[in-house]
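Here it is, the structure in full.
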Amino acid sequence: MKSDQTRGLRTFVAQCVLGGIGLALITAVCFALKLDFATVSFCYLMLIALLSMMGSFAASVVLPVIAVVCLNYFFVEPLFQIRFHEVQEPVGLAAFLTTSLIVTTLTFRVRRNAQALVAAQAAMIDSIPGMVWSAHADGSRAVANRRWSEFTGLQHIEIGAESSVYHPDDRDNVVKRWRHSVVSGESFEVEARMRSANGDFRAFLIRAEPVRDQSGRIVRWYGLSTDVEDRRRAMEDLRAREREWREVFEHNPAMYFMLDPSGTVLSLNAFGAAQLGYTAAELIGQSVLKVFLKSDWHTINGRVAKCLQQLGQSHNWEACKVRKDGTRLWVRETAKAVQRPGNQIIILVACEDITERKRAEDALRQSQMQLAEAQELSHTGSFSWEMKTGALVWSDELFRIFELDRAEKPSVELVLQRTHPDDRAGLRHVLTQVERERTAWEYEHRLMIDGRIKHVRVVAHASTTTGDESWFVGAVMDRTAAWNAEQELQQAQNELARVSRVTTLGELTAAIAHEINQPLTGLVSSGSACLRWLASDPPDLDSARRAVERMTKDGTRAGEVIGRIRSLVKKAPPRRDWLNINDVVTEVLALIGTELQRNGVLILTELSNDVPCAFGDRVQLQQVVLNLIMNANDAMADGPRQLLIRSENKEADEVRLSVCDTGVGLDGVNVDALFEAFYTTKRDGMGMGLAVSRSLIEAHGGRLWAAPNTPRGAVFQFSLPVGGERA
Ligand code: ADP
């Protein structure tokens, strides 16, 4: 405020001095030239108007008053006096004074308005939210608004090589472009970094347009510098991101295609092109059909059309592509048509190589087919059983074994329904136990389907692949054919055993005849004696009764011998029972013991009283014992003849019977060969005895073997598994 006052005072003084000098000069010149009152008045008016335009209002008011005095003093008669001679003289001076004051006031007002206008304009320019500036027509510095000054810290705009406003790297370009615009009159536009007041650089878009007069001559340039630093950074970020995405796009191990609506490749990534054996340039501009089989073109066109119909919607499919070298490539494609700015429609396609997966699927399919064939061939079905949910998954073969339609939903109940009624309880028990204990199981049972019986064997255990012990996998083998074959084999073996028995009995005819002959002879002699006792007078009834009793005994004995022979020859199916092996030995000895003794064989028995019962077929075991005893008898044809039959219970779970002889022994003999069918060293032997005996013992779950006896002969012995029962 104070400086304003000082400035005003200074202006006032300066104007007064200037006015005074001007007034003195005009007065001197006009006085010397003897100019009249009116001319001098105009000269004074000009000076007053001139000073009013530059000076202070106060000075402009003081000056006319002094001018009136000078007019009166120097140019109104009487000269050099302040006096009026005529009436019109004060009127003239008053008119001059009034005119001077009007001119002064008007000039002052005009000047003030002009200053106000300039100030308003400056305020307006300063309030523009941007950095604006102007330059002269020749491009030289002009003015800039407050924002420009605030940013740069400069009061004046400088455009030139010497300007420190611009970044050194941008300066030349700015100057060059500005000069070009100034010379050519073309719009000026350049992007350059400008230094801020604190020394930082920020990017600006600097634009300027020329303002021309009516003749088209450039009178001034007006410019706007827009801060584009943030935009530039955003653009740089965008570009960096675009570069990153481009990298991803180019090197992502997936194929990307960009197609136009006609299916022409607009763009694709290098990886995609390389996968197909092309370079990107070889495919861009080509129809995408180029990488498909001709037979698929119709389908591909249809898919493109579908994408175009449903803009923005993704579609998936699998397709087979053809590489440049003709090999195939399976891909899973995801495609989507999108609208770009400018209404351009493009189709984006991402493809994932699934060739390996396809190959694996094919291999899987193949192995499944092979498995199915193998299952069919071996009559073995497979299943998985998730116990938690009860869900069962069956193989085709299992449906065939159970004779169920593939559409049926397998369940444990269905399995039980198809199980033979007699086996259901057992199977249910096993399944319940498995569900509870989650242990592996193996079980054989029968199915009954439409009255037909099938034999199946189930083997299952907890899946090792899932690691879930409630998840069972298993196999069901249809053993019906094998079971039937086993039955037939069993039957054939039984038949063979019977034939073998009959043959053995044939060899024993003499012994058997003797065995029967003895009681018969006894019968006859007892009968004769009885008759004699009855015929005596008086009849000796006691002796007769005793004779009859002997007869009964002998009859029974003969009957027993015949019964045994009959049972050995009978064509009866094998029947297993709990039996004592000692009884079997006794029964055989009862049949052939006497004959052996007649042959001079000393029969010794060591039959343990403590042998447990074995579960077996009495006739078959008799056959084995008979066979071993007969062989021992044969082996002892020459030399000492001592036969020892021993039963024992060496191991808790088996009973063992040994037939030891003092015969030729087994020196130099391949013991295993003895048990082969048709192996014999006898002139009239068949070589079936030991083979049949071994198969009979093994059918009982036992073993039959041979070893040398000490000091001579051989020991043939067999073991049989035993139950808990004791003899
Ligand atoms: P086969 O009695 O008809 O020869 P086997 O199968 O009963 O048929 O016997 C086969 C062979 O085993 C006999 O021929 C004999 O050589 C031999 N063998 C059997 N038992 C004895 C034994 N106790 N001592 C020595 N060799 C024996």
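Non-local amide H neighbours of Val228 (under 5 Å, H modeled in plane, Pro and chain starts lacking H): which ones?
Placed amide hydrogens put Ala203, Phe204, Leu205 under 5 Å from Val228.
Here is a further query. For the Cα atoms of the chain, what angle does the longest principal axis make with the long axis of helix 480-507, in degrees from 0 to 90, nearest 10?
It works out to around 20 degrees.
Run the numbers on the chain and let me know its relative contact order in percent, using alpha-carbon pairs under 8 Å that are six or more apart. Don't skip to the answer; put the middle values down first.
Values: 1099 pairs, mean separation 34.8, N = 727.
Normalised by residue count, the contact order of the chain is 5 percent.
Can you figure out the FRET efficiency of Asp237 with Asn343, using R₀ = 22 Å and their beta-carbon distance, to the nearest 0.05? Don't jump to the answer; show the numbers that get you there.
Details: r = 28 Å, r/R0 = 1.25.
Between Asp237 and Asn343 the formula returns 0.20.
Moving on to the next point. What list of ³J(HN,Hα) values in whole Hz, one per residue of the range 252-260 in order, does the Karplus curve 6.51 cos²θ - 1.76 cosθ + 1.60 (θ = phi - 60°) give from phi, with Gly and Pro shown as x?
5, x, 9, 9, 10, 10, 10, 10, 8
How much length is gained if the chain between Asp684 and Ser267 is pulled fully straight, taking 0.36 nm per residue apart and subtracting their Cα-Cα distance, in nm to one decimal?
Numbers: separation 417, 0.36 × 417 = 150.12 nm, distance 9.74 nm.
Gain in length upon complete extension: 140.4 nm.
What is the helix-to-structure angle for 297-309, meaning the angle in degrees between its Cα long axis and the longest Cα principal axis of the chain, kept from 0 to 90 and rounded to the nearest 10?
So the helix axis and the longest Cα principal axis differ by about 50 degrees.
Going by amide H atoms built from the backbone, whose H comes under 5 Å of the H on Asn709, apart from near neighbours?
Leu666, Ala714, Val715
So what's the angle, to the nearest 10 degrees on a 0 to 90 scale, between helix 581-598 and the longest Cα principal axis of the chain?
Roughly 40 degrees between the two axes.
Below 26 Å, Cα to Cα, which lysines can Lys409 reach? Residues fewer than 8 away in the same chain don't count.
Lys388, Lys454
Expected output is a single nm value to one decimal: the length gained when fully extending between Gln81 and Asp362, i.e. 0.36 nm times separation in residues minus the C-alpha distance. What is it?
Contour length minus Cα-Cα distance gives 87.6 nm.
While we're looking at this one, here's another question. With each label point set 7 Å from Cα along the Cα-Cβ vector, what nm distance links Glu150 and Asp610?
Label-label distance for Glu150 and Asp610, simple model: 12.1 nm.
What is the Å³ per residue value for the convex hull set by the Cα atoms of the chain? Numbers along the way, then the final one.
On the way: hull volume 299.5 nm³, N = 727.
Each residue corresponds to 412 Å³ of Cα convex hull volume.
Moving on to the next point. Counting other Cβ atoms within 10 Å, which GluC sites (Glu not before Pro) in the range 654-706 have at most 14 and lie in a DSSP loop?
Numbers: sites: Glu654, Glu676, Glu698; in loops: Glu676.
In loop regions of the range 654-706 (DSSP not H, G, I, E or B), the sparsely surrounded GluC sites (Glu not before Pro) are Glu676.
Bin all alpha-carbon pair distances of the range 625-697 at 10 Å intervals from 0 and give each bin's fraction as a whole percent.
That works out to 17, 47, 31, 5, 0, in percent per bin.
If packing is taken as the average count of other Cβ atoms within 10 Å, what order do 261-270, 308-317 fall into, highest mean first? Before the final figure, lay out each step's value.
Values: 261-270: 17.1, 308-317: 11.6.
Descending packing order for the listed peptides: 261-270, 308-317.
Once you have the alpha carbon radius of gyration of the range 571-713, what is it after dividing by 2.2 N^0.38 Å, with N set to its residue count? Please list the in-between numbers first.
Values: Rg = 14.9 Å, N = 143, 2.2 N^0.38 = 14.5 Å.
Normalised Cα radius of gyration, the range 571-713: 1.02.
While we're on this one: Using only the Cα atoms of the range 370-443, what are the Rg and Dmax in Å?
12.9, 36
Based only on the alpha carbon positions, what is the Kirkwood hydrodynamic radius of the range 322-458, in angstrom? Walk me through the numbers on the way to the answer.
Details: mean 1/r = 0.0516 Å⁻¹.
Computed over the range 322-458, the radius equals 19.4 Å.
Using the Kirkwood formula on the Cα atoms of the range 306-372, what hydrodynamic radius do you get, in angstrom to one decimal? Each step should come with its number before you reach the end.
Numbers: mean 1/r = 0.0707 Å⁻¹.
Computed over the range 306-372, the radius equals 14.1 Å.
Under 4 °C and 1.567 mPa s, how fast does the range 145-238 diffuse according to Stokes-Einstein, given a Kirkwood radius computed over C-alpha pairs? Answer in µm²/s, whole number. Show your work: numbers first, answer last.
Numbers: Rh = 14.1 Å.
Calculated translational D: 92 µm²/s.
Can you give me the Rg/Rh ratio for the range 41-116, using Cα atoms for both radii and the Kirkwood formula for Rh? Don't skip to the answer; put the middle values down first.
On the way: Rg = 13.6 Å, Rh = 12.9 Å.
Rg/Rh: 1.06.
Moving on to the next point. Checking a compactness column here: for the range 207-250, what do you get for Rg(Cα) / (2.2 N^0.38 Å), N being the number of residues? Present the calculation step by step, with values, prior to reporting the outcome.
On the way: Rg = 20.1 Å, N = 44, 2.2 N^0.38 = 9.3 Å.
So the range 207-250 has a normalised radius of gyration of 2.17.
Just so you know, all these numbers are worked out from the coordinates, no wet-lab data involved. Here the structure is a predicted model, which means the values were calculated and not measured. FYI the Cβ positions are ideal-geometry reconstructions off the backbone, even for glycines, and counts take in every protein chain you see.
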